[in-house]
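The values are calculated or read from the model by the stated rules, or taken from the named source; none is laboratory data. Since the model is a prediction, treat every value here as computed from it, not as a measurement. When we count neighbours, we look across all protein chains shown, and the Cβ atoms used for this are built from the backbone with ideal geometry, even at glycine. We work out accessible area using only protein heavy atoms, side chains counted, and drop any ligands, DNA or RNA first. Shrake-Rupley method; radii C 1.70, N 1.55, O 1.52, S 1.80 Å.
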Amino acid sequence: MHRLLIYSLFVCTSLAFQFPFSIPIFKSKDSAHIEQAHVSPRIAIIGAGAGGSSAAFWISKAKERFGIDVEIDVYERSDYIGGRSTVVYPYDDPTFAPLELGASIFVDANKNLMRASKEFNLTLTAFEDVDSDTGIWDGQDFVLVIESGSYLKSWWATLKVLWRYGYTAPTRTKTIVQSVIDRFLGFYTPDSPRWDDLSVFTERFQWVSLTNQTASDFLESNKISPLFARELVEAATRVNYGQNVDEIHALGGAASMAATGASGVVAGNFLIFEHFLQNSTANVFLNTNVKEIQRKPGTSLWTVSTSAGSQTYQGVILAAPFHQTDITLPSDLAELIPPQPYVDLHVTLLTTRSEHSRPEYFGLASNTQVPATILTTYEGARAGGVEPEFNSISYHGKVRKVDGAAEDAVTDPESAVKIFSKERVPDEWLETVFGNVSWVYRKLWQAYPVLLPTKEFPPVKLDQGFYYVNAFEPFISTMETETIASRNVVDLLLHEEFGSGICGALLSGTENATQTTTPVDFVLGWDC
């Protein structure tokens with residue numbers, strides 16, 4: 001139920017795979033054959049997650065609207081579409097409903113993902129409708145328990161929150177979060193800015209106060225009590241980004257609290273990204289490792305060398321964290337991209353017949369009902385105690401068969417549980433916390449960037465015709481913002497190389513942008 005974004009960028013075999021819905025792709029016999037087989041202008045996209053798949057979709061929109069003559073090749077080194085969004089099935093049995101292993105939710109303000117779900121006829125489930133208690137654990141005690149369903153809906157207005165933190169801290173935080181949401185909504189308007197330098201962008205559009213200080217310092221400067229910041233806000237930053245409130249920058253803190261209207265695709269959020277590619281006419285190469293990207297001597301073109309051969313491109317879009325790709329770039333370009341640390345996150349999925357975590361683990365009486373969702377704060381460790389052994393524990397309903405699958409006659413159905421933790425949780429720990437555990441699936445991800453306060457960001461434009469989507473991640477990292485970053489990159493690249501963008505010759509956000517009344521459901525890129 002949490003916003004977790006995860007890329008899968010491990011090395012696989014070098015087989016070039018044509019996704020079933022793509023147009024015919026070249027046969028990778030040798031580099032010379034590939035060079036001769038394609039004379040049309042081409043754009044290479046490296047990575048088929050949220051950023052890469054949406055980049056292909058945005059290019060296809062420009063092709064469809066304005067006849068831009070360009071072909072698209074998408075390279076993905078894993079064997080699936082979706083990057084940080086993927087699912088697994090209990091007992092590895094696809095007749096069971098899938099469980100999100102990566103990116104789990106998006107919210108009402110995420111207009112690209114919401115629009116995609118609607119356009120692609122994907123069924124959503126609303127996490128706000130989940131009827132379960134939420135507790136905040138500090139390693140020694142539950143400092144707060146919020147009643148059924150209220151954490152995502154109205155964390156600022158419950159009596160327990162008001163009793164513990166007063167009225168001012170929750171209401172001021174709510175106002176700050178709404179202000180950030182309102183500013184983000186500007187990315188979907190016709191006059192949304194474009195940027196090739198994120199450091200300049202944050203200065204010009206006054207985001208610096210949210211990115212150059214920690215969330216705790218920012219909240220304190222807005223006269224929000226430290227207790228509220230270090231308990232309730234920190235519970236959100238630890239589950240969403242694996243970082244404490246006195247480490248993560250303020251924008252990451254605000255994004256963590258913006259959970260209103262949380263939803264997910266019933267069959268898996270990865271379907272959004274599969275549909276982006278299905279509707280893009282792109283050639284998709286799974287299990288294909290990009291090894292090197294170099295300038296083609298004497299031209300402004302680029303040669304992309306992969307495990308399947310090489311190809312010349314007029315434009316290249318890198319839509320994966322550069323330092324996780326092992327791609328060789330010209331040294332002058334590689335030096336432009338500073339190392340970006342990522343959070344190592346252990347995700348543990350399991351099934352159990354225990355309705356709740358065992359109270360004895362938390363030092364409670366055996367007849368105490370433990371909250372179904374447990375978030376954590378580091379505040380107990382700051383006071384000299386121990387840090388919680390996990391970031392979050394959340395029950396995700398009963399394990400069930402997918403529609404159409406034969407139901408087994410089970411009188412005591414199992415519950416599905418997801419755990420986020422900094423360290424691997426061993427089987428013995430799981431038995432202590434849950435008692436009976438039937439099935440376990442573990443994954444260690446480099447889940448999301450460490451969002452340290454900063455005013456400096458990687459360049460979006462690395463060189464003529466070469467753009468970096470993930471330069472946006474140190475600013476903020478979500479599925480949705482990857483689609484915004486890719487739209488920006490595609491518009492810049494298409495204008496530079498083809499003289500027209502997603503919405504034609506007009507580059508919005510400039511002095512020549514004119515707009516009459518905009519429909520309330522307008523979403524830039526989907527609409528022009």
### Query
For residue 109, are the conditions met, namely being within 18 Å of the chain's Cα centre (by Cα) and modelled with pLDDT under 95?
yes
### Query
Looking only at the range 167-200, which residues are among the charged types (D, E, K, R) and either buried (at least 19 other Cβ atoms within 10 Å of the Cβ) or closer than 22 Å to residue 461 by Cβ (or both)?
191, 194, 196, 197
### Query
If residue 475 satisfies every condition in (1) assigned to a loop (DSSP other than H, G, I, E, B); (2) at pLDDT below 95 but one, which is the exception?
(2)
### Task
Return yes or no: is residue 220 outside any loop (DSSP other than H, G, I, E, B), touching a residue at least 40 places away in the same chain (Cβ under 8 Å) and among the acidic types (Asp, Glu)?
no
### Query
Out of all the residues in the range 468-478, which are open to solvent by less than 10 Å² (accessible area, probe 1.4 Å) and closer than 30 Å to residue 41 by Cβ?
469, 470, 471, 472, 473
### Query
So which residues in the range 184-203 are in a helix (DSSP H, G or I), out of contact with any helix residue (DSSP H, G or I) (no Cβ under 9 Å at 6 or more places or on another chain) and within 18 Å of residue 484 (Cα to Cα)?
186, 199, 200, 201
### Matching residues in the range 50-67 - criterion: being open to solvent by 20 Å² or more (accessible area, probe 1.4 Å) and either aromatic (Phe, Trp, Tyr) or in contact with a helix residue (DSSP H, G or I) (Cβ under 9 Å, 6 or more places away or on another chain) (or both)
61, 66
### Query
Any idea which residue in the range 306-317 is nearest to the chain's Cα centre (by Cα), counting only those that are farther than 13 Å from residue 77 by Cα and part of a strand (DSSP E or B)?
317
### Hits in the range 324-347 (condition: acidic (Asp, Glu) and in a loop (DSSP other than H, G, I, E, B))
326, 335
### Residue count, the range 68-119 (criterion: open to solvent by less than 10 Å² (accessible area, probe 1.4 Å) and part of a helix (DSSP H, G or I))
5
### Query
What residue, of 303, 299, 281, is open to solvent by 20 Å² or more (accessible area, probe 1.4 Å), touching a Ser or Thr at 6+ places or on another chain (Cβ under 8 Å), free of Cβ contacts under 8 Å to residues at least 12 places away in the same chain and not aliphatic (A, V, I, L, M)?
303
### Message
open to solvent by 10 Å² or more (accessible area, probe 1.4 Å) and among the small types (Gly, Ala, Ser): is that true of residue 236 in this structure?
### Response
no
#### Entry: In the range 447-456, the residues that are at pLDDT 95 or above and surrounded by fewer than 21 Cβ atoms within 10 Å (Cβ to Cβ)
450, 452, 453, 454
### Task
With the condition kept exactly as written, say whether any residue in the range 218-226 is among the β-branched types (Val, Ile, Thr), closer than 25 Å to residue 170 by Cβ, open to solvent by less than 30 Å² (accessible area, probe 1.4 Å) and out of contact with any Pro (no Cβ under 8 Å at 6 or more places or on another chain).
yes
